[in-house]
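Undergrad: One structure, pasted below without further comment.
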Amino acid sequence: MDRDAFIAGLPELPAGCILSEEAELRPYECDGLSAYRRLPWLVLLPETVEQVRDILRYCHRQGVAVVARGAGTGLSGGALPLDNGVLLSLAKFNAILDIDVDNRLARVQPGVRNLAITEAVAEHGLYYAPDPSSQIACSIGGNVAENAGGVHCLKYGLTVHNIAELKLVTIDGELLSVGCRALDSPGYDLLALLTGSEGLLGVIVEVTVRLLPVPEQAQVVLAAFDAVETAGQAVAAVISQGILPAGLELMDRLAVRAAEDFVHAGYPLDADAILLCELDGERHEVEIQIERVSKLLQEAGAREVRRARDPAERARFWAGRKAAFPAVGRLSPDYYCMDGTIPRKHLGKVLATIANWSEEYGLPVANVFHAGDGNLHPLILYDANKPGELERTEEFGARILELCIAVGGTITGEHGVGMEKINQMCMQFNEAELQQFHAIKQAFDPDGLLNPGKAIPTLARCAEFGRMHVHGGELPFPELERF
């Protein structure tokens, strides 16, 4: 369709809400996965729910596809634009609409930053638990779309566990309300279905989040190890004793050194890996658990166990972890952030296999991840300016994802599928399962206009990819036979 004719027929929008010049479009060419770029056909920035409804109705009538975008911090290419469709930015939906202290709820627009919710309710002794490393910038609407987690998701859950209600607009302009402010709602659990649906089913225009009281005490222990594999095994040792930390994070030597140079968190630079283990709750309970965890970590092989001396040091420990991604970015022209989840018992062998592959490909890997729930984030360092290096990096990353499936895990923990992992979806799910996913998509978006080509592969794509479904089957990795 001719773009000028399409713009002429658009519902009325305020000045500056329609972007069509190349210089205006360029900032929207990718999300946080900058390896994939595409100049959008048109960017629209509505300011009201009614404008969103009018835009979607118009796009539906014209048969024009729509990609919804939050803050653009996603790491799987989920907000990669179309060169023949509309990029619908929710950036102007940035208001906190209501704070219900008595019921511990906050009603917010999708463009509100994750951290802004906690900042707004701090005076009431409350906070919003999911805390992605990008929480200073990422939006709550994007968190819902990708079912984001964070360093405290082990105890407090992902986004899906911390929201009560969603309002969204379908492709034909219908406004739906899903979930409720009570502890449960009747009927199918559409709230869980829509959380993590990556913009394939509707455009989120409002989110009601659950708030928690700030714990009486929070304490963090740093444990240093001489081997990443030993640190991985220590994670299982802690969890197996029935202890549920608020956060349990692992960083390897490369990540530790990068974070220390960037933030000066006080990390031991001679360690091959460190674990950060945080306990929170009532003061007496935390003191008892800190002693137990410290002893368990020493028994599991930690050569140093150090407790944060005060809140300022605790904050520095976490600042280093949350700054690990940008810190690693200083080591290489580019890096490729993977996201897969495995059973905790396999942490040691999977990390060892990734290290072997790193040598095979000649590409350094920095490991930073939510160790408590087995959510891996290997950062593969590469230089896109070197011919063939991006392709080698993508091949390496694909093998890591397939390894996660092979040991009984999944290809994503919190970053979504987007464009990055769509081929591995063919291995994660069988044909019947993929057909059911397409049936759900058809029920919400029969013409396939919302974020097409993302998250759920077509059966034809899987046939072209040529990889068989392996979940629950034989491990296709000889490297694992020795474990």
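The values are calculated or read from the model by the stated rules, or taken from the named source; none is laboratory data. Note that the structure is a prediction, hence the values are computed from the model and not measured. Backbone-built Cβ (ideal geometry, glycine too); neighbour counts: all protein chains shown.
Undergrad: Among (1) surrounded by fewer than 24 Cβ atoms within 10 Å (Cβ to Cβ); (2) in contact with a strand residue (DSSP E or B) (Cβ under 6 Å, 6 or more places away or on another chain), where does A137 come up short?
TA: Unmet condition: (2).
Undergrad: Tell me whether the stretch 320-329 contains one or more residues that are surrounded by fewer than 16 Cβ atoms within 10 Å (Cβ to Cβ) and not small (G, A, S). Lay out the reasoning, then the answer.
TA: Here is the first cut: in the stretch 320-329, the ones surrounded by fewer than 16 Cβ atoms within 10 Å (Cβ to Cβ) are 326.
Restricting the remaining residues to those that are not small (G, A, S) gives 326.
Yes - at least one qualifying residue is present in the stretch 320-329.
Residues are listed down the side, and each one gets a yes or a no for (1) surrounded by 17 or more Cβ atoms within 10 Å (Cβ to Cβ); (2) touching a Lys or Arg at 6+ places or on another chain (Cβ under 6 Å):
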residue	(1), (2)
Q241	no, no
A246	yes, yes
L250	yes, no
L254	yes, no
V263	yes, no
Y267	yes, no
A273	yes, no
C277	yes, no
H284	no, no
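Undergrad: I'm trying to understand the selection: among the residues of the stretch 361-380, which are surrounded by fewer than 20 Cβ atoms within 10 Å (Cβ to Cβ) and under 26 Å from L248 (Cβ atoms)? It would help to see each step written out before you state the result.
TA: Filtering the stretch 361-380 for residues surrounded by fewer than 20 Cβ atoms within 10 Å (Cβ to Cβ) gives 361-362, 364.
Within the stretch 361-380, just P364 meets the criteria.
Undergrad: I'd like the full set of residues that are in contact with a helix residue (DSSP H, G or I) (Cβ under 8 Å, 6 or more places away or on another chain) and either over 25 Å from Q135 (Cβ atoms) or part of a strand (DSSP E or B) (or both), limited to the stretch 175-200.
TA: L175, V178, G179, S185
Undergrad: While we're here: Between G74, G63, which is under 27 Å from the mean Cα position of the chain (by Cα) and of a type outside the set (S, T, Y)? Working first, answer last.
TA: Working: G63 fails: under 27 Å from the mean Cα position of the chain (by Cα).
Selected residue: G74, the only one of G74, G63 that is under 27 Å from the mean Cα position of the chain (by Cα) and of a type outside the set (S, T, Y).
Undergrad: Go through L201, L222, L194, L190 for me and flag whichever is buried (at least 23 other Cβ atoms within 10 Å of the Cβ) and within 23 Å of A148 (Cβ to Cβ). I'd like the intermediate steps shown before the answer.
TA: On the way: L201 fails: buried (at least 23 other Cβ atoms within 10 Å of the Cβ); L222 fails: within 23 Å of A148 (Cβ to Cβ); L190 fails: buried (at least 23 other Cβ atoms within 10 Å of the Cβ).
That would be L194, the only listed residue that is buried (at least 23 other Cβ atoms within 10 Å of the Cβ) and within 23 Å of A148 (Cβ to Cβ).
Undergrad: Here's a check for you: in the stretch 428-455, which residue that is crowded, with 19+ Cβ neighbours inside 10 Å and among the aliphatic types (A, V, I, L, M) is nearest to the chain's Cα centre (by Cα)?
TA: Only one residue fits best here, namely A455.
Undergrad: Another question about this same structure. crowded, with 20+ Cβ neighbours inside 10 Å and either of a type in the set (S, T, N, Q) or within 30 Å of V305 (Cβ to Cβ) (or both) - does that describe any residue in the stretch 169-183?
TA: No - not one qualifying residue is present in the stretch 169-183.
Undergrad: Inside the stretch 364-391, can you point out the residues that are without any contact (Cβ under 8 Å) to a residue 40 or more places away in the chain and in contact with a helix residue (DSSP H, G or I) (Cβ under 6 Å, 6 or more places away or on another chain)?
TA: Of all residues in the stretch 364-391, those without any contact (Cβ under 8 Å) to a residue 40 or more places away in the chain come to 374, 376, 386-389, 391.
If the condition is that a residue be without any contact (Cβ under 8 Å) to a residue 40 or more places away in the chain and in contact with a helix residue (DSSP H, G or I) (Cβ under 6 Å, 6 or more places away or on another chain), then G374 is the only one that fits.
Undergrad: Further question on the same structure: Anything in the stretch 225-239 that is modelled with pLDDT of 95 or more and either surrounded by fewer than 20 Cβ atoms within 10 Å (Cβ to Cβ) or charged (D, E, K, R) (or both)? List them, or say none. Quick ask: steps written out before the conclusion?
TA: If we filter the stretch 225-239 for residues that are modelled with pLDDT of 95 or more, which is where we start, we get 225-226.
Scanning the stretch 225-239 gives a single hit, D226.
Undergrad: Would you list the helices (runs of 4 or more DSSP H) that sit entirely within the stretch 286-364 and hold 1 or more residues that are hydroxyl-bearing (S, T, Y)?
TA: Numbers: elements: 311-322, 324-328, 347-361.
Passing ranges, in order: 347-361.
Undergrad: Which one of these is under 24 Å from D445 (Cα atoms) and in contact (Cβ under 8 Å) with a residue 60 or more places away in the chain: R61, R38, R53, R104?
TA: Values: R61 fails: in contact (Cβ under 8 Å) with a residue 60 or more places away in the chain; R38 fails: in contact (Cβ under 8 Å) with a residue 60 or more places away in the chain; R104 fails: under 24 Å from D445 (Cα atoms).
When all the criteria are applied, what remains is R53.
Undergrad: Being out of contact with any Lys or Arg (no Cβ under 8 Å at 6 or more places or on another chain), at pLDDT below 95 and more than 30 Å from G63 (Cα to Cα) is true for just one of G150, G125. Which residue is that? Outline the logic, then answer.
TA: On the way: G125 fails: at pLDDT below 95.
Answer to the selection: G150.
Undergrad: Please enumerate the residues belonging to the stretch 108-142 that are under 18 Å from A91 (Cβ atoms) and part of a helix (DSSP H, G or I).
TA: Listed by number, the residues that qualify are N114, L115, A116, I117, I140, G141, G142.
Undergrad: Taking the stretch 332-343, which residues are surrounded by fewer than 20 Cβ atoms within 10 Å (Cβ to Cβ) and charged (D, E, K, R)?
TA: Matches in the stretch 332-343: D334 only.
Undergrad: Still on this structure, I have one more. Would you be able to tell me the number of residues in the stretch 329-362 that are charged (D, E, K, R) and free of Cβ contacts under 8 Å to residues at least 60 places away in the same chain? Give the steps one after another, and end with the answer.
TA: Within the stretch 329-362, the subset charged (D, E, K, R) is 330, 334, 339, 344-345, 349, 359-360.
Those left that are additionally free of Cβ contacts under 8 Å to residues at least 60 places away in the same chain: 359-360.
Looking only at that region, the number is 2.
Undergrad: Here's something else I'd like to know. Is one or more of the residues making up the stretch 315-333 touching a Lys or Arg at 6+ places or on another chain (Cβ under 7 Å) and at pLDDT 95 or above? Walk me through it before giving the result.
TA: Of the stretch 315-333, the ones touching a Lys or Arg at 6+ places or on another chain (Cβ under 7 Å) are none.
No, because not a single residue in the stretch 315-333 is touching a Lys or Arg at 6+ places or on another chain (Cβ under 7 Å) and at pLDDT 95 or above.
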